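Below you'll find the structure, written out as structure tokens, and then a few comments.
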Amino acid sequence: ACTGIENIDEAITLLEQNNWDLVAAINGVIPQENGILQSEYGVETLHGPAYGPTSHSAAASSTPSSSSAFRHVVPSRQIVERQPRMLDFRVEYRDRNVDVVLEDSSTVGDIKHILENELQIPASKMLLKGWKTGDVDDSTVLKSLHLPKNNSLYVLTPDLPPPSSSHSGALQESLNQNFMLIVTHREVQREYNLNFSGSSTIQEVKRNVYDLTSIPVRHQLWEGWPSSATDDSMTLAASGLTFPCHRLTVGRRSSPVQTREQSEEQCTDVHMVSDSDGDDFEDATEFGVDDGEMFGVASSALRKSPMMPENAENEGDALLQFTAEFSSRYGDCHPVYFIGSLEAAFQEAFYGKARDRKLLAIYLHHDESVLTNVFCSQMLCAESIVSYLSQNFITWAWDMTKEANRARFLTMCTRHFGSVVAQTIRTQKTDQFPLFLIIMGKRSSNEVLNVIQGNTTVDELMMRLMAAMEIFSAQQQEDIKDEDEREARENVKREQDEAYRISLEADRAKREAQEREMAEQFRLEQIRKEQEEEREAIRLSLEQSLPPEPKEESTESVSKLRIRTPSGEFFERRFLASSKLQVVFDFVASKGYPWEEYKLLGTFPRRDVTQLDPNKSLLEVKLYPQETLFLEAKE
């Protein structure tokens with residue numbers, strides 16, 4: 001009630017800094033004339049009317065029964081040693097940070113003198129910015145500013161040329177960074193956390209805030225912009241905003257034609273009024289153009305490139321432009337959108353193996369919805385949402401801003417999901433976009449599990465995604481079980497088919513082997529028969545060519561030969577002693593023992609007769625008058 005501090009955390013911090021001494025804590029944050037005086041000896045509790053200004057004499061004349069703002073904490077005139085309060089400052093200058101620690105009795109000029117030694121910059125050239133209260137000069141005592149223990153300041157040196165290389169490098173790095181702007185809507189006491197890239201302009205921030213608050217840009221009254229942010233076309237990286245978070249406050253101007261000078265007189269904090277106000281828009285209503293048309297949907301559509309070309313022939317090319325435009329607006333941390341037709345997204349999500357299937361998330365964008373920027377920047381681009389979608393979903397997107405694209409999607413929706421879902425989307429109002437459809441593939445159809453509208457939070461969006469995943473996981477487990485059973489049956493059938501094929505192959509090989517063996521036997525039999533026939537023919541020919549056997553009473557010399565076969569049989573024949581040995585060979589061959597295969601051996605002495613000259617007579621080879629020979633097969 002005395003200090004105006006409503007934040008309990010700040011109050012506890014002040015008490016802790018003063019060892020829970022209530023008088024000392026209040027004395028540190030309110031002017032001395034508000035009821036508590038600090039003497040050169042210590043702190044005195046003054047009794048007087050609550051919250052009213054008092055004097056030392058008034059305190060001396062007051063009685064204990066009189067009304068007082070505080071109860072008597074310290075006895076009168078008791079000397080209390082007051083510990084000096086230390087303040088921590090982190091001062092940023094270009095690419096350097098300097099930490100400064102001072103007593104609260106020091107002045108702003110003391111900080112500049114310390115920075116002059118650290119940064120080698122004359123104190124007269126410094127502009128020390130970042131104070132949370134009114135204008136500050138070098139003689140201002142820090143205690144009078146009621147600062148918290150930890151403070152962040154930054155130094156501007158407009159009169160000094162910036163170093164080209166380091167400044168351009170730092171600026172380029174800032175352009176690639178994302179700034180979190182915490183914007184408080186003063187009238188409704190509501191905060192918005194908005195992410196913008198460093199390359200975004202102040203004008204883009206104001207236009208996006210119009211989408212959220214319905215306050216036209218020319219009627220916006222801002223507090224919290226750095227003093228260096230003098231032009232709405234300036235990028236956030238160059239405006240001097242505190243990185244990574246910066247607090248701003250916006251409200252509606254009481255009069256649409258209020259000038260900038262009037263606005264600056266009303267605001268005690270560092271603030272700026274949009275450069276968009278002025279004569280350019282004063283007479284807009286006279287031409288039948290209201291604030292919504294001039295500063296809302298129409299200007300929004302004009303200032304942004306379309307997310308998707310109208311009447312795009314190829315859905316893949318349209319999704320490429322959508323992804324590029326989405327990244328340029330909201331940064332690179334966003335869901336990975338599937339590039340291709342909706343049918344291809346179905347194929348990717350639903351028609352693989354059961355273990356590889358995913359849910360399909362369809363994001364329907366609408367540039368004319370006031371919820372789009374918040375939904376995209378704060379929810380769809382949240383790291384937790386992006387990670388969860390990438391792991392469990394195939395994400396496909398479409399822009400519903402253009403009527404032709406809207407009609408095309410409704411046609412696809414009717415074809416794939418049925419007329420009921422298409423009618424549900426058709427009846428959605430613009431301010432209910434963007435939409436997030438969660439689709440689960442089933443055996444016979446595709447089921448829409450959830451339709452999430454844009455007026456949600458990150459936690460609620462995550463919970464609904466997880467709820468859809470629970471339903472999908474249960475269905476996926478059943479599909480995996482069915483697929484495993486089906487694969488097991490197919491494996492058994494394949495094994496049976498393979499065994500049957502191998503059996504058929506073995507039977508066929510066996511049959512072919514038998515046929516080959518029979519063919520070989522037949523061939524050998526034919527050869528044998530031919531050989532036998534040939535032998536028989538030779539034998540008959542030799543038998544017919546033999547000279548007649550001489551009779552026993554022949555007057556010529558006759559040699560009688562007795563021949564023993566390998567089987568033990570004997571056959572005898574008479575030959576003229578003058579007959580050649582070849583005649584004996586022919587006789588033996590006529591009996592089936594050709595001399596090429598058998599040799600004819602004599603007994604006494606043992607000799608191989610077939611080695612003798614067949615042209616000699618029997619008398620010459622001493623096979624006269626009689627001889628016993630035997631046949632032996634050659635090796």
Report task. Over the residues of region 175-252, compute the C-alpha Rg and express it relative to 2.2 N^0.38 Å. Result -> 0.99
Report task. Considering Cα pairs under 8 angstrom that are at least six residues apart, work out the relative contact order of region 175-252 and quote it in whole percent. Result -> 42
Report task. Please report the relative contact order for region 311-451, taking Cα pairs under 8 Å with a sequence separation of at least 6, and give it as a percent rounded to a whole number. Result -> 29
Report task. For region 447-478 and region 307-324, compute the distance between their C-alpha centroids and round to whole Å. Result -> 27
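Based on the mean of other beta carbon atoms within 10 Å per residue, what is the order of 548-558, 340-350, most packed first? All intermediate terms of the calculation are to be shown ahead of the outcome.
Values: 548-558: 11.5, 340-350: 17.4.
So the order, starting with the most tightly packed, is 340-350, 548-558.
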Query raised in the report: Which ³J(HN,Hα) values in Hz, rounded to whole numbers, follow from the phi angles of region 335-347 under the Karplus curve 6.51 cos²θ - 1.76 cosθ + 1.60, where θ = phi - 60° and Gly and Pro get x?
Result: x, 7, 7, 6, 9, x, 6, 5, 5, 5, 5, 4, 4
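For a protection proxy built on the mean count of beta-carbon atoms within 10 angstrom, sort 466-474, 394-402, 618-626 highest first, please. Don't jump to the answer; show the numbers that get you there.
Working: 466-474: 14.7, 394-402: 23.7, 618-626: 16.7.
By packing density, highest mean first, the sequence is 394-402, 618-626, 466-474.
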Report task. Take M462, M126 and sort them by solvent-accessible surface of the protein heavy atoms, 1.4 Å probe, largest at the top. Result -> M462, M126
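Based on the Cβ-Cβ distance from D317 to E483, what FRET efficiency comes out when R0 is 45 Å, to the nearest 0.05?
On the way: r = 35 Å, r/R0 = 0.79.
The value I calculate is 0.80.
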Query raised in the report: For A123 and R252, what is the calculated FRET efficiency with R₀ set at 41 Å and r taken between the beta-carbons, to the nearest 0.05?
Result: 0.50
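Does region 444-524 come out rounded, prolate or oblate by the C-alpha gyration tensor, with a ≥ b ≥ c the root eigenvalues, rounded set by a/c under 1.5 and, if not, prolate when a/b is larger than b/c and oblate if not?
Details: a/c = 7.67, a/b = 6.31, b/c = 1.22.
In terms of gyration-tensor shape, prolate.
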Report task. Let me know the number of lysine pairs in region 317-481 closer than 20 Å at the Cα, not counting same-chain pairs under 8 apart. Result -> 6
Query raised in the report: What accessible area, in Å² to the nearest ten, does a 1.4 Å probe give for H113?
Result: 100
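Report the gain in length on full extension from A513 to S567: 0.36 nm times residue separation, minus Cα-Cα distance, nm rounded to one decimal.
Numbers: separation 54, 0.36 × 54 = 19.44 nm, distance 3.70 nm.
That works out to 15.7 nm of additional length.
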Report summary line: For region 333-394, the per residue accessible area (1.4 Å probe, Å²) is 37
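For region 552-635, give the percent of accessible area contributed by carbon and sulfur heavy atoms, probe 1.4 Å, rounded to a whole number.
On the way: 2320 of 4990 Å².
Answer for region 552-635 is 47 percent, counting heavy atoms of protein chains only.
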Report summary line: Between T427 and L619, the two model label points (7 Å from Cα along the beta-carbon direction) sit apart by a distance in nm of 14.2
Requested in this report: Take each of the peptides 370-378, 525-533, 137-145, average the number of other beta-carbon atoms within 10 Å over its residues, and list them starting from the highest.
Outcome: 370-378, 137-145, 525-533
Query raised in the report: Top to bottom by accessible area (1.4 Å), largest first, where do C381, C2 land?
Result: C2, C381
Query raised in the report: For L175 and M463, what is the calculated FRET efficiency with R₀ set at 30 Å and r taken between the beta-carbons, to the nearest 0.05?
Result: 0.25
Query raised in the report: Taking a ≥ b ≥ c as the square roots of the eigenvalues of the Cα gyration tensor of region 558-633, is the shape rounded (a/c under 1.5), prolate (a/b larger than b/c) or oblate?
Result: rounded
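Per residue, how many Å² of accessible area does region 86-156 show with a 1.4 Å probe? Display every interim value, and only then the final one.
Working: 3820 Å² over 71 residues.
Per residue, region 86-156 has 54 Å² of solvent-accessible surface.
The values are calculated or read from the model by the stated rules, or taken from the named source; none is laboratory data. Since we're looking at a predicted model, the values are computed, not measured. Counting neighbours? That spans all protein chains shown, and the Cβs are built from the backbone with ideal geometry, glycine included. Just so you know, the surface numbers come from the protein's heavy atoms only, side chains and all, with ligands and any DNA or RNA stripped out. Shrake-Rupley method; radii C 1.70, N 1.55, O 1.52, S 1.80 Å.
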